[in-house]
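Trainee: Starting off with a structure, shown below.
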Amino acid sequence: MSIRLIPSVLVGCHEEEGEENISANEDLMREHGLLKRVLLSYDEIARRIDAGQDFPPQAVIDGATIIRKFVEDYHEKMEEDYLFPRFRKAGKLVDLVDTLDKQHQAGRRVTDRILATVPSIKTIEDRMRLAADLKAFNRMYEPHEAREDTVLFPALHKIVSRHEYDSLGEQFEKIERQTFGGDGFDIYLDKVSTLEKQLGIYDLAQFTPQ
Ligand SMILES: [Fe+2]
Ligand SMILES: [Fe+2]
């Protein structure tokens, strides 16, 4: 990602000159974009299993590791620590928050299974079980992240002040740097691009209909 030079007067006194000021929602939504790209890799692996084709087992491990470290242990933890409690305290979208929270837990169980299964895959039944887990993961996360993008995140503006929203964005960036020792998004964007290349789905133009 390129860093644009922005005069510090435009980005506020908390930002150092030269750093982009990423808002809380932009931060969470581009992380969803990264999650979506792993879902596309899971789709490709499941498609190959259904078609009786080979797939590199390492691609499954790499995808599930991105999910574990970037999505579950970081992105979802931010939602659980900084967003969900605010909605519960405000009494807003509580049913949605409960469902999203349960889905995080369910997703972690599926990732545990995927990571445990891959090293010992031998039979067709093993491959079918893996495909079922990859599909179940995608079936849940497609609507999960879409609902957060369109309902939960927009509603954040209604329950926190402008000042609190701005400081949330700053906190998110600070935690990201602490967690990953740098720009976690950039680090994982590289990993997800490598994964797509491994599976032959990196070239975007291939998906344009004739
Ligand atoms: Fe979530
Ligand atoms: Fe999310």
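Trainee: Of the peptides 149-159, 186-196, how do they stack up when ordered by the mean number of other Cβ atoms within 10 Å, highest first?
Mentor: For the peptides 149-159, 186-196, the packing ranking is 186-196, 149-159.
Trainee: Below 8 Å between Cα atoms, with a sequence gap of 6+, how large is the relative contact order for region 28-151 in percent?
Mentor: Value for region 28-151: 38 percent.
Trainee: Determine the per residue accessible area of the chain with all protein chains present and a 1.4 angstrom probe, expressed in square angstrom.
Mentor: On a per-residue basis, the chain sits at 54 Å².
Trainee: On to the next question. Just the number, please: carbon plus sulfur as a percent of the accessible area of region 23-67, 1.4 Å probe, no ligands or DNA/RNA counted.
Mentor: Looking at region 23-67 in its full context, I get 54 percent from C and S.
Trainee: If you don't mind, there's one more thing I want to ask. Which of the residue pairs Lys69/Lys158; Lys77/Lys174; Lys77/Lys197; Lys69/Lys89; Lys36/Lys77; Lys92/Lys158 have a Cα-Cα distance greater than 20 Å in the structure shown?
Mentor: Lys69/Lys158; Lys77/Lys197; Lys69/Lys89
Trainee: Determine the share of region 93-203's accessible area contributed by carbon and sulfur atoms, expressed in whole percent, with a 1.4 angstrom probe.
Mentor: 54 percent
Trainee: Right, something else. How big is the chain in terms of Cα radius of gyration and Dmax, in angstroms?
Mentor: Computed over the Cα atoms of the chain, radius of gyration and Dmax are 18.7, 62 Å.
Trainee: Something else about it: For the chain, with the dipole built from +1 on Lys and Arg beta-carbon atoms and -1 on Asp and Glu ones, taken about the Cα centre, which of Val94, Ala131, Thr194 lies farthest toward the positive end?
Mentor: The residue sitting farthest along the positive end of the dipole is Ala131.
Trainee: Here's something else I'd like to know. What would the Debye equation give as log₁₀ I(q)/I(0) for region 144-210 at q = 0.12, 0.20, 0.22 Å⁻¹, counting only Cα atoms as equal point scatterers?
Mentor: Per q value, in the given order, log10 I(q)/I(0) is -0.57, -0.97, -0.99.
Trainee: Now for a different question. About its Cα centre, how strong a charge dipole does the chain have in debye, to the nearest 20, once Lys and Arg get +1 and Asp and Glu get -1 at the Cβ?
Mentor: The calculation lands at about 820 debye.
The values are calculated or read from the model by the stated rules, or taken from the named source; none is laboratory data. None of these values were measured; they are calculated from a predicted model. In this analysis, Cβ positions are derived from the backbone assuming ideal geometry, glycine residues included, and neighbour counts consider all displayed protein chains. Accessible surface is based on the protein model in full, side chains and every heavy atom, while ligands, DNA and RNA are left aside. Shrake-Rupley method; radii C 1.70, N 1.55, O 1.52, S 1.80 Å.
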